[in-house]
Each structure stands twice: as C-alpha cells, then as structure tokens.
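Worksheet for the structure shown next.
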Amino acid sequence: MKKFRKVLDGLTTSSPGGTVGSPSCGSAAGTPTAAPTPKEIDIQETLVSENFQLCKTVRHGFPYQPTSLAFDPVQKILAIGSRSGGIRILGRPGVDSYCQHESGAAVLQLQFLINEGALVAACADDTLHLWNLRQRRPAILHSLKFNRERITFCHLPFQSKWLYVGTERGNTHIVNIESFILSGYVIMWNKAIELSTKTHPGPVVHLSDSPKDEGKLLIGFESGTIVQWDLRAKKADFRIYYDEAIHSVGWHHEGKQFMCSHSDGSLTMWNLRNTTKPIQITFPHGKIQKDGRKESCKPILKVEYKTSRNSEPFIIFSGGLSYDKAGRRHTLTIMHGKAITVLEMDYPIVEFMALCETPYNNEVQEPYAVVVLLEKDLIVVDLTQSNFPVFENPYPMDIHESPVTCTAYFADCPPDIIPILYSIGAKHKKTGYSQKEWPISGGTWTLGSHIFSEIIITGDVFLCFEPVTLQMLYKLKTSKVFEKPKVGEGRAAELVEEDPFAVQMVSWCPQSRIFCVVGISAHIILYRFSKYEANNQIVSLDVRLQCEPEDVNSPSENENNPCFSEPGSHSPQASHHHHHHQNPASPSAEKGSVPCLKVKDRMVRVPPGYQAELVIQLLWVDGEPPQQITSLDINSAYGLLAFGNCNGLAVVDYLQKTLLLCMSTLEMYGAADPYQRLTRSPRRNRQSTSGLTELSDNQQSIDMERSKSPTSGSTLTHTHTHTHARTLQHYHVNGHCTSPTSQPCTAGKPRVPMGPEGPRLTRRGPGRPPFRKAQSAACMEISLPVSHTEESRENSFSRSRSSSVSSIDRDTKEAITTLQFGESYGRKGDVVPTPCLWVGTSLGVVLLFPMSIPTDEDERMEEPVTIGPSGAVLMLKGSVLRFGFLDCAGALIQGPYEIWRDPNAPEDPDRPRKRKLVHFSPSSSQDTSGDGHLAVVCSERQAKVFLMPSQACLFVHNITESSFVLRADVVTVYNSVCLACFCANGHVMTLRYRLQLPP
C-alpha cells in the first residue's frame, strides 16, 4: 500500500498547484492569486505520516467457509477453523480472537489442550501447528510437517502428552505434544489388521482412547475395520470387520461398548465382550417398505453417544435421512430414550459437538448443549429442556436477513446513546429462545480505561453496532411504516423487483437522535427517538421531482398559471414543471402522479425506540418512475431536511411538515450556470449522444459544434433555446415564483451570441478551461469500467457507475451528490454567518443556498423558512463528495444541533418544553484570527480550500489522476484536522492542511 501522502502542504498565495487542472477556483478572476491570504490565518499543523498506520481492530461476521470445530470444556472457549487457514476463537460475548496460518491451507481439524491455553491445528498441507493462546495475540509455538503421508484424523486425550495422528495410508503416528516431535512409535496399518487380510483397510477416520484404559487406542478405518490397539504390548486386542464404511465412533463412558455410524444410514452398537457382530443395528430414519426391506438412507456422518445420570443416554447424529424426498433440509437428530427429535437447519452441517459437564471421558458425561457449526451460521441447542430450544446467539455472526446495502460510521457519540439503544433493543428480542445463559462463557474482556462512543449503522434494516465487538444494539424494520403491498397493487414492484424497502442511505444526528432513512423506492422516512410507546399518526408528503418533456405552451401562458401554492401550505408542490389543473396544491391528484408505496394512514401503536414521524415519497409521473435519491442531509437545529437526485433538489421543513423548495438542477443556477447544456427532454430526443455540450473558448465555436450535431437543425436549436429560457425563468423559493431573468426568450427567435441570452450562455470567467464531461461516482452504485485509461474515465458518468441515471435520461442529468447544512456565508458581502445549505453536484459544481430561519420557537413553528440560491458557484474537477468547515485557526467547525428531548415524555410544569439548540459560529470559535472561515471541498479528483465569505480559492490539490475517490471526510486526529480519502484502487490517503504565509 502506498505510504500516506503529506499533502495540502506548504500553501502560499502563489502556489502553482492552484491552477493545474483546476476548472475554476470560484473567485472573480478564476485564480487563487486574485485574493491575498489574510495575515491572521496561521494554522499550527502537527500531523506527520508516522501518526497514521494500519492496524487490525476487529473481524466481524461469520467465518467464511468453516471446516472444523473444537471446544475446551474447562475454559469454555470455542474454536472454528476455516478453508482459508483462519481460526476464530470465541468465548463470552466480547471475547473474539482471530489467528491465521501463513500457508492459507484449510484447517482440517482442531484439538484443544484442555485447560492449558493451547490449540493444535491440522491443516490440509499435512502440517500440524501448536498455537499458544495465553498471550494477547495468539502465536504458533511449534509446527510439524508430514512429507510422505496425508493427515486424516487427530486425537489428543485429556491431560495426555501424546497426540495421535492418523493418515490416509492407514498408519497412526504419535507426536510428543511438549516437544512437538514424532516419537518414533508408529502403528502400521498392516500390523493393525490381520496378516491374512489382503485388502487395505483405507484411511484412518477415527482415533480414541478407551475410557477404561488410556493405554488402549481404538482405530477406525474407512472400509469398516475397527482395531483396538494395546499401546504397551504393541499388539491388537481385537479386530472388527464390518461390511459398511465407518464415518465416526462414540464411546459409552464405562468403556464397555461403543457406537459406530455408517454410510448406509445405520448405527451399530458393539460390546467388547463379543466383537464378532454388533449387539444392535438401527436405521433411525429408515422405514420398512411394502416388500419388507428397509428403504435406503443417506450416510450418518457423525454420532455422539453421551450418558446422563438421571435420564436415558443421548444419541446425537447428523445425516441419515431417507432418500425418498428431494430437497430435504439438513438435519441434526437427537435420540433421547424413545423420543426422536429432528432439528432442521438452514444450511449444511459442517460439524457438531456435544458440550458436557466433565472433560473426563470415563465419567457420566451429562451433556447440556450441542454446538452445531453450519456453513453460514453457528447454533447452540439446549439439551436440558425437552423441546430443545436454541440459545440466542450473542455474537455478530449472521446479522442480516438480507445483504448489507449501506453503512455509516459515527464517532464521538453522546455517551448515553449506546446504553439506551442496547436496553431498548434488548426488549425487541425474539421469543422462543432458551432462557439459560449462553454456554460458551470463557475468557475475559475489559475495555480498560478507554470508553468507546462509536456507532456503525448498516442496512437493509436499521442496525446499530458498538464497533469494538460489533455487538448489535438496536434493529429497526423500515417496512413497518408502509401497508403491505397486495399483488398487482402499487408501483413498488415495477420499480424494484426484490425488496422495495431496501435502505440506500442514512443520515443520523446523534445529539437530537433524529434518524433519516432513504429507501430504494425513492422514499425518505424520518424517525424520532422516544423511551415511551405512543400512538403515532405518520405524516406523508409527496414530492414531484421529475424530468419533464417540453411543453408546447409559450412563456406567457406559463406566467399566467401559478406554479406553486402560497407559503404555509401543507401540501407538497411540483418541482419544476408547470401544471395546468385546477388545484395546484394537489399534484398527486394528477393523472399518473402516484407514490411507489402506501403509507399507513391510521393511528399506529409504536413501541419505545425509533418512531416514524414523516414519510417523503417521490411520485411517479405519467408512468415514469422517480429517480433514486442520491444525497441527503438533516439538521436538527434548523429543523430542515434536504435531498436530491439526478433531476433536482428539494428541502423539507420537518417541523412544519411542508416542502420549502423543489427545483430542477438547472433552476438552481439561475443566471450563474457555468455550463452550456442542451435542455431537450431525453424522452423526446433519444438520439442525442450528449446532453451536455463541451464548452469552447467562444460562443461561435459552441454554435458551430451544435450545427454539426446529426440531431440538431435550426428549428431544433431554436426550440432548445426557448426551452432553456423558459426553464430558467422560475424557481421555487418558499412557495413563490420568482424570475431571475429580465426577459424571456420567445420561441422561434434566432439566438444571437451577444444578445439577451449571451450572458447566460457564456457563463465562464476569463481563463477558465473548457468544461469536461462529468466524472461522477459519488452516491451511486460503483461498477468500475473495464479500462482505466483517461479516455474511459472521461465518459464514465454517461455509460457506467450510475444507478440513479437511466439510459434514457442520462443525457441531460446532473445529480445532486452531496448536501450539508451549516453556519456559513452565502454571499460575498455577508458580514456575519447565517444558516446555509451547501450543494455539490456530479459535475463538480458547488452552490450555496442561504436561509432565513425564525429564531423564536413559536414563530419557527408558524412562520415560513426562506431559502434560495445565492448565485455563488464554486468549481472542482469530478463529482463533489464532501464538505468540511474550519475556523481560521484550523479547528473543525461542527454543525449546529438540537439537544434531544423525548417527544412522548410526561408533561413537566416546572420545565418548559422548548427546543434547546447548540450553535458553533465560525466567527466566535476563535478570538484573534478574524472573521470568516475555511471551506474544504473534496471531489472525486480534487481537494480545494476556499476562504469564506470572499469565496477565494486558497489552494487546489489533485488527489488522483489514475483512480477516483469513493469516500472522503474531514476529521480531527491528534487535535489536528486532516482530509481522509478512500480511493477506488484501494488506497487510503490523508491530506493535511498547513497554511504558510508569504515572507
């Protein structure tokens, strides 16, 4: 891996990196040298490369491709081996260790040195390893390689120093466990069987010492031969020849009889007094057919024979079902006296093991549980209850009912949030589990002096995890908000085939405990947290954010129709299409305007925890599904929620349950659009190869390029010009129609480069480079292009990696890729910071939306919030991914938030129920550094630092040219701020900021 690069280093006002490959820096002249660096800015940066290193903290999830199982009955710890050579050691919840063999060979078998803190692993490369588990990080003490024989079975008696190793040739070797050296004592297969026997008995499949005499070793061969070997006399006590292959053997604790499982689905019982034939043959699942014969059964792969003082013995085995039914599930059978219980498993059984009270094999075993290792799960069955319930697994093994669809990580959460989530999550646990304590309870686990306050949230259901042990805290099903869709009803099935409720994105405010979920059916659910159950009425808000075909109406006709309702209306509004119906406040009543899912419209009794309050759904329009949401942000102090997709942006006041702003991407720019683009509807003109025209150095070349287009004639060009003017004419600011343009362009009028349209069509500052096609990956599904050349990356937005841009509509789409509320300066002339919404798009554009929010609480619930674009446009190369704000001393500025208060708490007359807000003002966070703050903007390719409110670009760094950034965030490390980037090539880079003043 590349070493962490020290970048954003040595900044000066004349830094040459400020102009290389930079489309724009947002200042008037388009270069960072236009604005001198204020003398007050002096950031003391202390981070160096040595502060960063990779370290393994935790391994989460079920062991991949498990192969073997072992248990220490004294220490009560469990070991699971895998096909990739890994060993997972589990004890009480929180005790979780991982070991890895360097060879990567599969672990065939594991044997604990019981109560000694050591473990023997037999691997597929015919090597034995002795692991020391006593130290903090387990390590291999000894290894022993078999060169000429293949290991098939191992056995280590309790408190013995001899490890017995059976091989594929049928020989048995003995290893000294202390020195880990072969003893030289070998039980050759031809000595074990009678000399008159001509056939080879096959590999060793079983080894065990007699409970009555540890000097007697029972050897089971695959062919059906069983030999008891006297280790002292070096001869066989008896030999058994059976005509069915043997899979396993289990002793009775008295050492007088044992049981074998066979390939024909039978169990045989043998008595040492007479070994000529078995004293009992049973086919547990073999029925007698009409002709009197037993039906054929599958092999019984393993059997355990365990005794109990106060009841009949337990006979536990896997397999043995009849072949009569195809597609039968995998089973574990428990025979207890005359009762036979068959437990069906979801996955194939890899291994199982009975947990007994004693480690001695010559005592009554008293089994109390059975550990069943499945291919994708771990199950423990309680044998002390007659119905054999399973224990609830406390490990984060298989945590999801369906694949993970999104993840989010939150550090420095309020310390009380984890306990309360855990306590409420514990009340939601399923019933039917064993009430006894989890039996694997070994090891010790302490957090020490460190108190961790991180939380990981994953989808498709809302799951919280404490990150060190990844213990599940809380689970939330988003589908409970909606009515169950009936067959043939609703649009969700047309939009999403598998799961219409799958979570794509989450936004969480830990301080206010407000939680938002974005679903794949273009819906958003807002939850509030409460410790009390309540009767809730979920408010539903429908939003129309759709790309529309051109209308035939003229601009004058559109101006005579109100496109939005008055402020204060509780009905959702149309986004950027002009409707011609009698009731503009009810767009869902239009033909074909329907949401994907039906929200429950009745009072719903909700348990403590996260309770749904508001559901926002994008509408289908004229049979066209809504585009999926690509960005989301909430701010509890403002009471606002913003989201966007490839069609536009919407802002919702979730306190008043109203839609404040809903506009297309083009309408956000007003007269400040830096790109010239065709606005023809992709539904009408599907022959276009690119809806975004390359910017040239002059308007004439743009017209020439357009005249070369096979789809553009003079009439088409005029039509598009007219549509562009009409579309830009209106944008929705708090329910009012405003017109940023002085006059509309009439249809059919030829476009003059320096006419009224000129300023809007050539919105490019002097010296700005031509616009390059979008290179977007943010907030969209990633599928890397086959070629990693620059040419393939140039067109990546239009032909790959975008689930939210359909093949039809992608020509003219500019997706909203990131949103962030915060205290900032919306305009260059602002003196004090105000609430702002920062908007980043897939074309590398940053837009600022200043807001006016009533400060009085009563006014806030009644008076409207005003919001609109300021005209400020900042430019980067590649899709915008992240915003970060620093004060002029280099400290990270946190966004304002509301302190949590329980919405369902009993009324307290002594304490007024008012919102308590916490603000971090950029100007008040430092005393001597002057007004203003720094804005760090990261895109797929670049990082830029802007000085606010002047919007001067202080520095540009091209993060990567050969790859692109997937995730980025501005974080605090060792009291210094850095920008952490995760690239598509697997590299992690941290970029530090240090501003050096000119001499």
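Miscellaneous remarks
- In terms of accessible area, using a 1.4 Å probe and ignoring ligands and nucleic acids, 145, 475 rank largest first as 145, 475.
- A probe of 1.4 angstrom, applied to the heavy atoms of all protein chains, finds residue 279 with accessible area near 100 square angstrom.
- Sequence-distant residues sharing a close amide H with residue 952 (under 5 Å, placed H): 947
- Coarse-grained scattering of the range 52-98 at q = 0.14, 0.29 Å⁻¹, given as base-10 log I(q)/I(0) from a Debye sum over alpha-carbon atoms: -0.38, -1.13
- Pairs exceeding a 30 Å alpha-carbon distance, out of 212/302; 302/427; 475/657: 302/427.
- Projected label points at residue 360 and residue 918, each 7 Å from Cα along the beta carbon direction, are separated by 6.1 nanometres.
- FRET E, pair residue 115, residue 296, Förster distance 45 Å, beta-carbon r, rounded to 0.05: 0.55
- Taking all protein chains as they are arranged and a probe of 1.4 Å, the heavy atoms of residue 360 leave approximately 100 Å² accessible to solvent.
- Using a Förster distance of 25 Å, the FRET efficiency for residue 311-residue 271 (Cβ separation, nearest 0.05): 0.70
- Extension gain for residue 233-residue 483 works out to 82.3 nm (0.36 nm per residue, less the C-alpha to C-alpha distance).
- Cross-link pairs beyond the 31 Å C-alpha cut-off, checked among 436/600; 216/306; 76/477: 436/600; 76/477
- Rounded to whole numbers, the Karplus 3J(HN,Hα) couplings from phi for the range 153-169 are 7, 10, 8, 10, x, 5, 6, 9, 9, 10, 9, 8, 10, x, 10, 5, 6 Hz, using 6.51 cos²θ - 1.76 cosθ + 1.60 with θ = phi - 60°, and x at Gly and Pro.
- Accessible area, probe 1.4 Å, largest first, for residues 861, 948, 472, 603: 603, 861, 472, 948
- Average accessible surface for the range 170-299: 49 Å² per residue, computed with a 1.4 Å probe over protein heavy atoms with every protein chain in place.
- Sum of side-chain charges, residue 357 neighbourhood, beta-carbon under 15 Å (Lys, Arg +1; Asp, Glu -1): -2
- Difference of contour (0.36 nm per residue) and Cα-Cα distance, residue 149 to residue 985: 296.7 nm
- Carbon and sulfur %, accessible surface of the range 280-376 computed with the full protein complex present, 1.4 Å: 48 percent
- With a Förster radius of 45 Å applied to the beta-carbon distance between residue 178 and residue 456, the computed FRET efficiency rounds to 0.55.
- Full extension of the chain segment joining residue 346 with residue 974 gains 221.3 nm, where the gain is 0.36 nm per residue of separation less the Cα-Cα distance.
- Label-point separation in nm, residue 603 to residue 377, each point 7 Å along Cα→Cβ: 3.9 nm
- The range 198-292, Rg to Rh (Cα coordinates; Rh as Kirkwood inverse mean 1/r): 1.00
- Amide proton proximity set for residue 302, modelled H, under 5 Å, gap of 5+: 318
- The distance between label points at residue 188 and residue 899 comes to 8.6 nm (points 7 Å beyond Cα on the Cα→Cβ vector).
- One quarter of the surface of the convex hull around the alpha-carbon atoms of the range 810-885 equals 6.4 nm², the direction-averaged projected area.
- 11 Å beta-carbon shell around residue 348, net charge (K/R +1, D/E -1): -2
- Binned Cα-Cα distance frequencies in the range 320-395 - 10 Å width, integer %: 16, 46, 31, 6, 0
- A cut-off of 5 Å between modelled amide H atoms, ignoring neighbours fewer than 5 places along the same chain, links residue 87 with 99, 100, 101.
- With all protein chains in place and ligands, DNA and RNA left out, the 1.4 Å accessible area ranks 50, 357, 45 as 50, 357, 45, largest first.
- Just the protein heavy atoms count here, and of the accessible area of the range 167-279 at 1.4 Å, carbon and sulfur take up 47 percent.
- Computed with a 1.4 Å probe on the full set of protein chains, the accessible area for residue 60 sits at about 70 Å².
The values are calculated or read from the model by the stated rules, or taken from the named source; none is laboratory data. What you see is a predicted model, and the numbers here were worked out from it, not measured in a lab. We place every Cβ from the backbone using ideal geometry, glycine too, and count neighbours over all the protein chains shown. Just the protein is used for accessible areas: all its heavy atoms, side chains included, with ligands, DNA and RNA removed. Shrake-Rupley method; radii C 1.70, N 1.55, O 1.52, S 1.80 Å.
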